[in-house]
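Colleague: Quick one: this structure, given as C-alpha cells, is what I'll be asking you about.
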Amino acid sequence: MSFRLFPVEASSISAEVDQLLFFLLAVAAFFTVVIFAAILFFAIRYRRRSDNELPRPIHGSIPLEIVWSVIPFGLSMVMFTWGASVFFRERRPPDNALPIYVVAKQWMWKLQHPEGQREINELHIPVGRPVKLTMTSEDVIHSFFVPAFRTKQDVVPGRYTTTWFTAIKPGKYHLFCAEYCGNNHSGMGGWIYVMEPQDYEAWLSGGTPGATLAENGQKLFENLACANCHKSDGTGRCPDLTGLFGKDVKLADGSTVKADEGYIRESILRPEAKIVAGYQPSMPTFQGLVTEEGVLQLIEYVKSLGPNPGAGQAEGLAAPGSR
Ligand code: CUA
C-alpha cells in the first residue's frame, strides 16, 4: 500500500477544495519564508555596532504603506471570492439530487433510501449522481465526515442539517463521525459504497423488497389518525397537505414560511410553533410518539402528495443556468 498524504479525490468538489487548500498553504508558506528572511536580514544588516550608536529615525513612507495595504487586500479578496464560490456550490444541493435520510445516534449511522432500503453504518450510492443527505440526531451532536468527498457536516438533535455530493469514482470510502459524541465516538464510522448505476439498481432491487419511505409514512399517517383533521378535500380542521411540499405557507402572524423538511418536522413535533393563517392551534404534539425515522417517513409521504411533478421538473431544468 502506498503512502498517501491526501485521501483520494472521489467527489465532484474534492479537486476544487484541494486546489483552494494548496493556494492557502502556498500563500502562508511564501509569507513565512519572506518574514523569516527579512528578520534574519535586518538582524544582521542593522545590528548595533557600538554601545552609543543611535539609529536614524524614519517618519513613515506613503508608497510603502500603500503597497503593504493593497497587496494583502487583494490577496484576501482572492481568498474570499474563491472560498465563497466553492462554499456556495458545496452548500446548495441540485434539485435533482437523490434524497437520503440520515439519523445519527450514539454510536451509529442509520440511513434510509426513499425506495425503503435501510442501512446501518453503510451507504450505497450511484456514481455520477448528486446525493442530498437530510440529517438529524436522536441524542447529541455528531458530524458526518467523508474525507474522500471533502465534505463534513454537523448532525444536530432537534433540527435538520443537509449536505450533498456527487461521487465521481466507484469504490469504498470511509465515513467518520467527526464530533466527539461519547465513549464510542471513535467507533462511530462506516463505509460509503459508490457503485456503477446498473450495480446500484441491482443492489436496490435486491434484498428484502420493503415498503417505500412514503408508503411507510402513509401507514404512520393512518395509524396516527392524521387524516381525521388533515382532510384532502380541505374541509378538515387542519390544512390539506396535498401539494404542500416546497410551497410558501402564510402563517397566522402574517409571515410566510417555505414548507421544507424542517418546517414539516417542526409542525409534527411542535405544532403550536407556526400556525397556518385561518386555522386554530388545535393539533397536539407528536413528540415522543414518532421516532426521528418516523418523522422522515411522514415527510416523504407529504412530499409524495405533490407539488405537481411538472412544476418541480421545470424548476430543475431552470436551475443550472440560474446558478
Ligand atoms: Cu458520533 Cu462522534
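Colleague: Filter the range 245-267 for residues that are part of a strand (DSSP E or B) and not hydroxyl-bearing (Ser, Thr, Tyr); which is nearest to the chain's Cα centre (by Cα)? Give the steps one after another, and end with the answer.
Modeller: Taking the range 245-267 and keeping what is part of a strand (DSSP E or B), we get 248-251, 256-258.
Within this subset, residues satisfying the condition of being not hydroxyl-bearing (Ser, Thr, Tyr) are 248-251, 257-258.
Values: Asp248: 22, Val249: 24, Lys250: 27, Leu251: 27, Val257: 21, Lys258: 18 Å.
Applying the filter and picking the extreme gives Lys258.
Colleague: Looking only at the range 140-170, how many residues end up being surrounded by 16 or more Cβ atoms within 10 Å (Cβ to Cβ), within 11 Å of the ligand (Cβ to nearest atom) and among the hydrophobic types (A, V, I, L, M, F, W, C)?
Modeller: Counting residues in the range 140-170 that are surrounded by 16 or more Cβ atoms within 10 Å (Cβ to Cβ), within 11 Å of the ligand (Cβ to nearest atom) and among the hydrophobic types (A, V, I, L, M, F, W, C) gives 4.
Colleague: Moving on. Looking at (1) over 12 Å from the mean Cα position of the chain (by Cα); (2) more than 16 Å from the ligand (Cβ to nearest atom); (3) surrounded by fewer than 16 Cβ atoms within 10 Å (Cβ to Cβ), find the lone condition where Phe87 falls short.
Modeller: Answer for Phe87: the failing condition is (1).
Colleague: Please pick out the residue among Phe42, Phe80 that is at pLDDT below 95 and of a type in the set (A, V, I, L, M, F, W, C).
Modeller: On the way: Phe80 fails: at pLDDT below 95.
Result of the check over Phe42, Phe80: Phe42.
Colleague: Kindly indicate the residue of the range 179-199 that is under 17 Å from Leu123 (Cα atoms) and within 10 Å of the ligand (Cβ to nearest atom) and also surrounded by the most Cβ atoms within 10 Å (Cβ to Cβ) among those meeting that condition. Spell out how you get there, then give the answer.
Modeller: Here is the first cut: in the range 179-199, the ones under 17 Å from Leu123 (Cα atoms) are 187-199.
Now restrict to residues that are within 10 Å of the ligand (Cβ to nearest atom): 187-189.
On the way: Gly187: 10, Met188: 22, Gly189: 16.
Restricting to residues being under 17 Å from Leu123 (Cα atoms) and within 10 Å of the ligand (Cβ to nearest atom), the top hit is Met188.
Colleague: Hey, among the residues in the range 268-293 that are touching an Asp or Glu at 6+ places or on another chain (Cβ under 6 Å) and assigned to a loop (DSSP other than H, G, I, E, B), which one's nearest to Ala225 (Cα to Cα)? Outline the logic, then answer.
Modeller: Initially, the range 268-293 is screened for residues touching an Asp or Glu at 6+ places or on another chain (Cβ under 6 Å), giving 273, 281, 292.
Imposing the further condition that a residue be assigned to a loop (DSSP other than H, G, I, E, B) reduces the set to 273, 281.
Details: Ala273: 21, Pro281: 17 Å.
Selected residue: Pro281.
Colleague: Checking Leu175 against (1) surrounded by fewer than 19 Cβ atoms within 10 Å (Cβ to Cβ); (2) within 18 Å of Phe6 (Cα to Cα): exactly one of these is not met. Which one?
Modeller: Here Leu175 clears every test but (1).
Colleague: Which condition breaks for Asn223 when tested against (1) surrounded by 14 or more Cβ atoms within 10 Å (Cβ to Cβ); (2) away from the ligand (no atom under 16 Å from the Cβ)?
Modeller: (1)
Colleague: Just give me the residues in the range 114-140 being in a loop (DSSP other than H, G, I, E, B) and in contact with a strand residue (DSSP E or B) (Cβ under 6 Å, 6 or more places away or on another chain), in sequence order. Steps first, answer last, please.
Modeller: Of the residues in the range 114-140, the ones in a loop (DSSP other than H, G, I, E, B) are 114-117, 121, 127-129, 138-140.
Result: Pro114, Asn121, Val127, Arg129, Glu138, Asp139.
The values are calculated or read from the model by the stated rules, or taken from the named source; none is laboratory data. Note that the structure is predicted; figures quoted are calculated from it, not measured. Note: ideal-geometry Cβ built from the backbone for every residue, glycine included; neighbour counts use all protein chains shown.
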